[in-house]
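The values are calculated or read from the model by the stated rules, or taken from the named source; none is laboratory data. The structure displayed is predicted, hence computed values, not measured ones. Note that each Cβ is placed from the backbone with ideal geometry, even for glycine, and that neighbours are counted across all protein chains shown. Accessible surface is based on the protein model in full, side chains and every heavy atom, while ligands, DNA and RNA are left aside. Shrake-Rupley method; radii C 1.70, N 1.55, O 1.52, S 1.80 Å.
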Amino acid sequence: KMLKHLKRVFVQFTPGDPKSVAARELLQRLSGSSAKQSNPHCKVEFKIDEDASPGSAFVELTFADEEKRKIGMADYGVLDVARMIDQKGNEMELKSVLKEVKFDPWKKENRLDGTAAGTSLKATQQQLHGLPK
């Protein structure tokens, strides 16, 4: 599932660097057959940089919506990166659903903060679920 919303993953690390452990583990997980099955079109690439300074390992994620994120792996674990990927994936799915039902959360009349005159929570829920008003 980690690759589901990704187009490309690039991992770079230095061999023998203790701060590269998370980068190597992430590469291993993303190269596994179950990860590849979640999105066979996602490119998983890596570079082993013998000359890089310790702590310089990173992962660059390119999501299906073309957003790119470069994450320095010295301060993050595999689960941290997995959470970031999952969070972005959930955001993309929500945007897709909202677009599908033609709901724009930025329109004043769709806000739930009380700024839209005459818009009730019920009316907003009806619009989200495609129910008649």
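Take Val59 and tell me if it is open to solvent by less than 100 Å² (accessible area, probe 1.4 Å), modelled with pLDDT of 95 or more and either among the aromatic types (Phe, Trp, Tyr) or in contact with a Ser or Thr (Cβ under 6 Å, 6 or more places away or on another chain) (or both). I'd like the intermediate steps shown before the answer.
Numbers: open to solvent by less than 100 Å² (accessible area, probe 1.4 Å): yes; modelled with pLDDT of 95 or more: yes; either among the aromatic types (Phe, Trp, Tyr) or in contact with a Ser or Thr (Cβ under 6 Å, 6 or more places away or on another chain) (or both): no.
Considered against the rule, which asks whether it is open to solvent by less than 100 Å² (accessible area, probe 1.4 Å), modelled with pLDDT of 95 or more and either among the aromatic types (Phe, Trp, Tyr) or in contact with a Ser or Thr (Cβ under 6 Å, 6 or more places away or on another chain) (or both), Val59 comes out as no.
Could you grab me the full set of residues in the range 24-64 that are polar (S, T, N, Q) and touching a strand residue (DSSP E or B) at 6+ places or on another chain (Cβ under 6 Å)? Before the answer, list the steps.
Within the range 24-64, the first condition is being polar (S, T, N, Q), and the residues that meet it are 28, 31, 33-34, 37-39, 53, 56, 62.
Scanning the range 24-64 gives Ser31, Thr62.
Filtering the range 15-39 down to residues that are hydroxyl-bearing (Ser, Thr, Tyr) and more than 19 Å from the chain's Cα centre (by Cα), which residue is least open to solvent (accessible area, probe 1.4 Å)? First the steps, then the outcome.
We begin by selecting, within the range 15-39, every residue hydroxyl-bearing (Ser, Thr, Tyr); these are 20, 31, 33-34, 38.
From what's left, more than 19 Å from the chain's Cα centre (by Cα): 20, 33.
Working: Ser20: 0, Ser33: 86 Å².
Within the range 15-39, the match that is least open to solvent (accessible area, probe 1.4 Å) is Ser20.
In the range 58-79, which residues are without any contact (Cβ under 8 Å) to a residue 24 or more places away in the chain and either small (Gly, Ala, Ser) or assigned to a helix (DSSP H, G or I) (or both)? Can you show your working first?
Going residue by residue through the range 58-79, those that are without any contact (Cβ under 8 Å) to a residue 24 or more places away in the chain are 67-72, 75, 79.
Scanning the range 58-79 gives Gly72, Asp75, Leu79.
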